[in-house]
Amino acid sequence: MSKSEKFWDKRATEYNKDEKNWEETFNKALENTKKHLKENDIVMDYGCGSGILAIRLAKFVKEIHALDISSKMIESGKQRARGNKIENISFAQTTIFDEKYKRESFDVVLAFNILHLLEDSPKAVQRINELLKSGGLFISETASLGEAKSFLNFIISIIIKMRILPKVNKLKFADLENMIAQHGFQIIETEVLGEGISTYFVVAKKL
């Protein structure tokens, strides 16, 4: 079991309790996302956590493949889906590089609050491009820690050193746009969400 998997397994229970802390930002990103979905879309929710996003979007699309490295997050997502009687979400404890996910098989790939946590974000974005059909959409929301003021960055660094958080990438808005554009996407919508440590909402179309 990797360090990241252990970390998110431990966070699974608390993660659900923390929803109210980021509810406003999440709801805005959710509404932005809905505008780009169609009822026949096959969607991947990459880094699905406890399934909050997938469950809120399930009724707007044909099916969602929700994946996460944490087995406890996945189990939480399955329980949520059962509780809400949602049957078009397939949960899996795996990574985006799992070979069962075939090239050009998704209409939309969602990546909420994960790009800044990856060891190799560009590699993941390239994989997302491979999985999307021509003209498919990559929709992401990413904590832009590189935009945080110096004091907040100092606090973030301390938290990481204390291992309260795993290692994170301090991405700026421009970093995200450049990374996405360099891997075969045209950015069609962006929005800065939240205050303090902002998140960057991006919709990009596969060229």
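The values are calculated or read from the model by the stated rules, or taken from the named source; none is laboratory data. Every value quoted in this text rests on a predicted model; they were computed, and no experiment measured them. Virtual Cβ from ideal backbone geometry, glycine too; neighbours counted across all protein chains shown.
Within region 32-81, can you find the residues that are in a loop (DSSP other than H, G, I, E, B), touching a Leu at 6+ places or on another chain (Cβ under 8 Å) and of a type outside the set (A, V, I, L, M, F, W, C)?
HIS36, GLY47
Look at ALA29 and say whether it is under 20 Å from ILE188 (Cβ atoms), among the small types (Gly, Ala, Ser) and assigned to a helix (DSSP H, G or I).
Judged against the criteria, ALA29 is a match.
Would region 39-60 turn up any residue that is modelled with pLDDT of 95 or more and touching a Cys at 6+ places or on another chain (Cβ under 9 Å)?
Checked region 39-60: at least one residue is modelled with pLDDT of 95 or more and touching a Cys at 6+ places or on another chain (Cβ under 9 Å).
Name every residue in region 87-109 that is surrounded by fewer than 18 Cβ atoms within 10 Å (Cβ to Cβ) and either of a type in the set (A, V, I, L, M, F, W, C) or touching an Asp or Glu at 6+ places or on another chain (Cβ under 6 Å) (or both), in order of residue number.
Passing the criteria: ASN88, ALA92, PHE97, ARG103.
Just to be sure, is PHE106 more than 23 Å from LYS28 (Cβ to Cβ), touching a helix residue (DSSP H, G or I) at 6+ places or on another chain (Cβ under 6 Å), modelled with pLDDT of 95 or more and among the hydrophobic types (A, V, I, L, M, F, W, C)?
yes
So the check is Cβ under 6 Å with 6+ separation or different chains; which pairs have a first residue in region 124-146 that's crowded, with 23+ Cβ neighbours inside 10 Å and a second one that's assigned to a strand (DSSP E or B) and small (Gly, Ala, Ser)?
PHE138/ALA204; SER140/ALA111
So LYS85 passes all but one of these: (1) under 24 Å from ASN27 (Cβ atoms); (2) charged (D, E, K, R); (3) in a helix (DSSP H, G or I). Which condition number does it fail?
(3)
Quick check on ILE74: is it touching a strand residue (DSSP E or B) at 6+ places or on another chain (Cβ under 7 Å) and more than 17 Å from THR33 (Cβ to Cβ)?
Considered against the rule, which asks whether it is touching a strand residue (DSSP E or B) at 6+ places or on another chain (Cβ under 7 Å) and more than 17 Å from THR33 (Cβ to Cβ), ILE74 comes out as yes.
What number goes with the only condition from (1) farther than 21 Å from LYS206 by Cβ; (2) in contact (Cβ under 8 Å) with a residue 40 or more places away in the chain; (3) surrounded by fewer than 23 Cβ atoms within 10 Å (Cβ to Cβ) that VAL61 does not pass?
(1)
Can you find a residue in region 81-97 that is among the aromatic types (Phe, Trp, Tyr), out of contact with any Gly (no Cβ under 8 Å at 6 or more places or on another chain) and at pLDDT 95 or above?
yes
Does region 102-123 hold any residues that are part of a helix (DSSP H, G or I) and either in contact (Cβ under 8 Å) with a residue 12 or more places away in the chain or under 15 Å from ALA204 (Cβ atoms) (or both), and which are they?
LEU115, HIS116, LEU117, SER121, PRO122
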